[in-house]
Amino acid sequence: MASSSNDFSTADGAVRRKKRGPQFKFLVPLVYAPVLPLIRIGLRHNPVLRDRVFFGALAVAFAHGAYLVYPFGRRYE
């Protein structure tokens, strides 16, 4: 007679559980949206620094977007 207890944790075709909760990597644009105008407003008296910080933050935002769209060397989740 077969054993009545099934051990699914050692099965080859076990399904991975998805993590619950928000995926914070997709919530980062909610931080960038208000920060970019605040950089322009807050540093308006120093235009050289303002432009450098603004375009640096913009470059980081685009790099983050590229990381999400094109998964460089990692498996699809």
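Which members of the stretch 37-65 meet the condition of being charged (D, E, K, R) and out of contact with any helix residue (DSSP H, G or I) (no Cβ under 8 Å at 6 or more places or on another chain)?
Taking the stretch 37-65 and keeping what is charged (D, E, K, R), we get 40, 44, 50-52.
Passing the criteria: 51, 52.
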Original post:
How many of the residues making up the stretch 26-59 are under 12 Å from the mean Cα position of the chain (by Cα) and free of Cβ contacts under 8 Å to residues at least 24 places away in the same chain?
Top reply: 3
Original post:
If we keep just the residues of the stretch 24-46 that are surrounded by 10 or more Cβ atoms within 10 Å (Cβ to Cβ) and not in a helix (DSSP H, G or I), which is modelled with the lowest pLDDT?
Top reply: 28
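The values are calculated or read from the model by the stated rules, or taken from the named source; none is laboratory data. From a predicted model like this one, the values you see are computed outputs, not experimental measurements. Glycine gets a Cβ as well: all are built from the backbone with ideal geometry, and neighbour counts include every protein chain shown.
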